[in-house]
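Undergrad: One structure coming up, written as structure tokens, with questions to follow.
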Amino acid sequence: MDHSQVPVLDALKAYHAQNLLPFTPPGHKQGRGADPRVRAVLGDPVFDADMLAVSGLDDRTSSQGVLKQAEELMADAVGAEHTFFSTCGSSLSVKAAMLAAAGPHEELLVSRDAHKSVVSGLILAGIRPVWVEPRWDPALHLAHPPAPEAFMSAFVEHPDARGVLITSPTPYGTCADMQAIATLCHERGVPLIVDEAWGAHLPFHPDLPTWAMDAGADVCVTSVHKMGSGLEQGSVFHLQGDLIDAKTLASRADLLDTTSPSVLIYAALDGWRRQMVEHGRELLDDALLRAHRVRAEVESIEGLHVNDREDFCAPGRAFDMDPLQVFIDLNGLKLSGYDAADWLRRHHRINLHTSDHRRINAQLTHADDDTTTALLLEGLRDLVAHADELPSAPDIRVPDPCELRLRQATLPRDAFFGDVEQVPTERAVGRICAEMLTPYPPGIPAVLPGEVLDGAVADYLRTGVDAGMLVPDAADTTMATIRVSTRDVGAD
């Protein structure tokens, strides 16, 4: 295929060349009706490119095939058999994959470190999750993807499970042994779905962790906006093999997708594919070298430690890791990641990504250069210099693994849509939770609908919020109260 082609971008250019007069949405009519104050901030090109996909471009139901061509080029670029674009983020893509693999009350093996979008899919579909435990590092209080042996045990206990869904890389950049897990699935004739939202760059450099399709996954979901050059909400999901039918997957996506897709997002996905095919190896060569230097520089700063393969990929932990996710342990400074991230934003105008009770994360991509990383290092050195002015890390009561594992008393769907009441958190202990409680970032629910809340997790959430943790999906974000089911814990 000719990867110099960019069907969406070319169609957008052709549309403007025709000087067509739209009597269609969007109502701003290429920005003519937009408030000049808005145009001054967003820029006229944004409005010029914001058009109805079916009038001038197309979507999956129209005849010009622009989107189809772009998706075929993307599939060829990464070696998939089919690729689908999503303008609703990987939250839609992963739900579509789940619905294509399992139906209501059917079982799906799911790694318990799944993103909240996976839990939303369980609620919508009525799928019965069989939770597979991550590998837990008790010293760092960190979860890594489950081992293949954990999925083997789950298959023995649940031989009718319709497939596996695993998150790899995790938001901490750690990866599963996907090839071994794919082999387990295919021996049983069921698909492996990989939520690879953090892995858009993986197909384009051999020194990065193995991409899901190369490892044998059947469906791979990727957020191009996370580690690629896509706009926010730009996602692609790829398919190979015959364990999930392409038409079935497309129909599930259409069930959830918007009928007003963003041409802006399509165009950015299209352009990113061309960029990576033509220049990806060179760009990622530079990014990996820069990440290596940054890691060494941070490690040389007294009080800071960069989590490396020895920390994350030791026996019993992750199978692999992405070096572009630079996690910095603050335990030597006795600071919380929340306070450190806030301080760097206030004093150095640096926005970090993940922060938790003891870590901060600088996510590097091909977009970084010596200037951006120099500013990061300057900010980190200044943070250390002023560490004694920041409060000591608060007592966030991170539970042990056995306390983190909550009993699933009902289907997530039944708890979420059933009769609920809002009660003080201390009275919610021992009750069936009826909402997702998700510390952000990274967006991994600590409690799911249908799980029986215990005291250790309740203390973790309350003390975490007091320390700066966000739990944005809770009905009460202060965690003073929690929504619980009115049904008895023993009823199922």
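Undergrad: Ranked from highest to lowest mean number of other Cβ atoms within 10 Å per residue, what is the order of the peptides 452-460, 305-313?
TA: Working: 452-460: 20.0, 305-313: 16.7.
Final packing ranking: 452-460, 305-313.
Undergrad: Go through region 134-140 residue by residue and turn each phi into a ³J(HN,Hα) via Karplus (6.51, -1.76, 1.60, θ = phi - 60°); whole Hz please, and just put x for glycine and proline.
TA: x, 7, 9, 9, x, 6, 8
Undergrad: A further question on this structure: Residue by residue through region 465-479, what is 3J(HN,Hα) from phi via Karplus (6.51 cos²θ - 1.76 cosθ + 1.60, θ = phi - 60°)? Round to whole Hz and write x for glycine and proline.
TA: Residue by residue, region 465-479 yields 4, 4, 8, x, 5, 9, 10, x, 8, 6, 4, 10, 6, 7, 6 Hz.
Undergrad: Roughly how much of Ile444 is accessible, in Å² to the nearest 10, using a 1.4 Å probe?
TA: So the heavy atoms of Ile444 present about 40 Å² to solvent.
Undergrad: Moving on to the next point. So, with +1 on the Cβ of K and R and -1 on the Cβ of D and E, and no other charges, what is the size of the charge dipole of the chain about its Cα centre, to the nearest 20 debye? Write down the numbers at each step before the final one.
TA: Values: 41 positive and 72 negative charges, 213 e Å.
Using Cβ point charges on Lys, Arg, Asp and Glu, the chain gives about 1020 debye.
Undergrad: Starting at the first residue of region 296-305, write each ³J(HN,Hα) from the Karplus equation 6.51 cos²θ - 1.76 cosθ + 1.60 with θ = phi - 60°, in whole Hz, x for Gly and Pro.
TA: Residue by residue, region 296-305 yields 5, 5, 5, 4, 7, 7, 4, x, 10, 9 Hz.
Undergrad: Kindly flag which residue pairs out of Lys226/Lys247; Lys29/Lys226; Lys68/Lys247; Lys116/Lys334 have an alpha-carbon separation exceeding 21 Å in this structure.
TA: On the way: Lys226/Lys247 27 Å; Lys29/Lys226 30 Å; Lys68/Lys247 14 Å; Lys116/Lys334 30 Å.
Flagged as over cut-off: Lys226/Lys247; Lys29/Lys226; Lys116/Lys334.
Undergrad: Please report the equivalent ellipsoid semi-axes of region 134-273, computed as sqrt(5 x eigenvalue) of the Cα gyration tensor, largest first, in whole Å. Walk me through the numbers before you get to the answer.
TA: Numbers: eigenvalues 142, 82, 35 Å².
For region 134-273, the semi-axes come out at 27, 20, 13 Å.
Undergrad: Kindly identify region 365-405 as rounded, prolate or oblate by the Cα gyration tensor criterion: order the square roots of the eigenvalues as a ≥ b ≥ c, call it rounded if a/c is under 1.5, otherwise compare a/b with b/c, prolate if a/b is larger, else oblate.
TA: Details: a/c = 6.78, a/b = 1.61, b/c = 4.21.
Oblate shape, in that a/c is at least 1.5 and b/c is the bigger or equal ratio.
Undergrad: Compare the Cα positions of Pro148, Leu52, Ile432 along the charge dipole of the chain (+1 at Cβ of Lys, Arg; -1 at Cβ of Asp, Glu; about the Cα centre) and return the one farthest towards the positive end.
TA: The listed residue farthest towards the positive side: Leu52.
Undergrad: Let me ask something additional. Show the residues, 5+ positions off or on another chain, whose built amide H is closer than 5 Å to the amide H of Val132.
TA: Val110, Ser111, Arg112
Undergrad: Let me ask something additional. Summing -39500 (n - 2.57) over the DSSP H runs of n ≥ 4 in the chain and dividing by its residue number, what mean residue ellipticity at 222 nm do you reach, to the nearest 500 deg cm²/dmol? Numbers along the way, then the final one.
TA: Details: 18 runs with 191 residues, N = 492.
Theoretical 222 nm ellipticity from helices: -11500 deg cm²/dmol.
Undergrad: Among all the aspartates and glutamates, which ones have a C-alpha under 17 Å from Lys95's C-alpha, if same-chain residues fewer than 8 places away are not counted?
TA: Counting by Cα, and skipping residues close in sequence, Lys95 has these aspartates and glutamates nearby: Glu106, Glu107, Asp113, Asp195, Glu196, Asp218, Asp245, Asp254, Asp257.
Undergrad: Could you state the orientation-averaged shadow area of the convex hull built on the Cα atoms of region 211-253, in nm² to one decimal?
TA: On the way: hull surface 13.6 nm².
The directionally averaged projection comes out at 3.4 nm².
Undergrad: Same structure, new question: Before I look further, what does region 323-453 give for accessible area per residue, probe 1.4 Å, in whole square angstrom?
TA: Details: 5640 Å² over 131 residues.
Dividing the accessible area of region 323-453 by its residue count gives 43 Å².
Undergrad: Provide, as a two-decimal number, the C-alpha radius of gyration of region 311-393 over 2.2 N^0.38 Å, N being how many residues it has.
TA: Numbers: Rg = 13.5 Å, N = 83, 2.2 N^0.38 = 11.8 Å.
Region 311-393 yields a ratio of 1.15.
Undergrad: Cβ neighbours within 10 Å, averaged per peptide: list 409-417, 41-49, 261-269 in order, most packed at the top. Intermediate values should be presented prior to the final figure.
TA: On the way: 409-417: 20.9, 41-49: 13.8, 261-269: 23.9.
Taking the mean over residues of other Cβ atoms within 10 Å, the ranking is 261-269, 409-417, 41-49.
Undergrad: Starting from 0.36 nm per residue, how many nanometres of slack lie between Asp254 and Glu299 once their C-alpha separation is accounted for? Mind showing how you got there, number by number?
TA: Details: separation 45, 0.36 × 45 = 16.20 nm, distance 4.75 nm.
So the extension gain works out to 11.5 nm.
Undergrad: Also: Restricting to bridges with both residues inside the chain, how much of the DSSP beta-bridge set is antiparallel, in percent to the nearest 5?
TA: Working: 33 of 47 bridges.
The antiparallel fraction comes to roughly 70 percent.
Undergrad: Roughly how many Å² of Ile350 are accessible to a 1.4 Å probe, to the nearest 10?
TA: 20 Å²
Undergrad: Note down the relative contact order for the chain as a percent, whole number, built from C-alpha pairs under 8 angstrom at least six residues apart. Walk me through the numbers before you get to the answer.
TA: Values: 974 pairs, mean separation 67.0, N = 492.
The normalised contact order for the chain reaches 14 percent.
Undergrad: Find, to one decimal place in angstroms, the Kirkwood hydrodynamic radius of region 181-232, where the mean of 1/r is taken over every pair of different Cα atoms and then inverted. Could the numbers behind the result be given before it?
TA: Values: mean 1/r = 0.0857 Å⁻¹.
Here the Kirkwood hydrodynamic radius works out to 11.7 Å.
Undergrad: What are the extents of the Cα atoms of region 365-492 along their three principal axes, in Å, largest first?
TA: For region 365-492, the Cα spread along each principal axis is 58, 34, 26 Å.
Undergrad: Let me ask something else. Enter the Cα centre distance for the pair region 1-29 and region 442-492, rounded to the nearest angstrom.
TA: Rounded to whole Å, the Cα centres lie 47 Å apart.
Undergrad: So, one more: Starting from the residue with the highest accessible area, list Arg358, Arg128 in decreasing order, probe 1.4 Å.
TA: From most accessible down to least: Arg128, Arg358.
Undergrad: Looking only at Cα atoms, what is the convex hull volume of region 281-345 per residue, in Å³? The partial results should precede the final answer.
TA: Working: hull volume 7.2 nm³, N = 65.
Expressed per residue, the convex hull around the Cα atoms of region 281-345 is 110 Å³.
Undergrad: So for His186, His3, His201, His292, what's the accessible-area order with a 1.4 Å probe, most first? Please report the intermediate quantities before stating the final value.
TA: Details: His186 80, His3 25, His201 5, His292 130 Å².
My answer, sorted largest first, is His292, His186, His3, His201.
Undergrad: Something else: Thinking of the chain as a set of Cα atoms, what percent of all their pairs are more than 36 Å apart? The partial results should precede the final answer.
TA: Numbers: 41133 of 120786 pairs.
Above the 36 Å cut-off, the chain has 34 percent of its Cα pairs.
The values are calculated or read from the model by the stated rules, or taken from the named source; none is laboratory data. Please read all numbers here as calculations on a predicted model, not as lab measurements. Every residue, glycine among them, receives a Cβ derived from its backbone with ideal geometry; neighbour counts consider all protein chains shown. We work out accessible area using only protein heavy atoms, side chains counted, and drop any ligands, DNA or RNA first. Shrake-Rupley method; radii C 1.70, N 1.55, O 1.52, S 1.80 Å.
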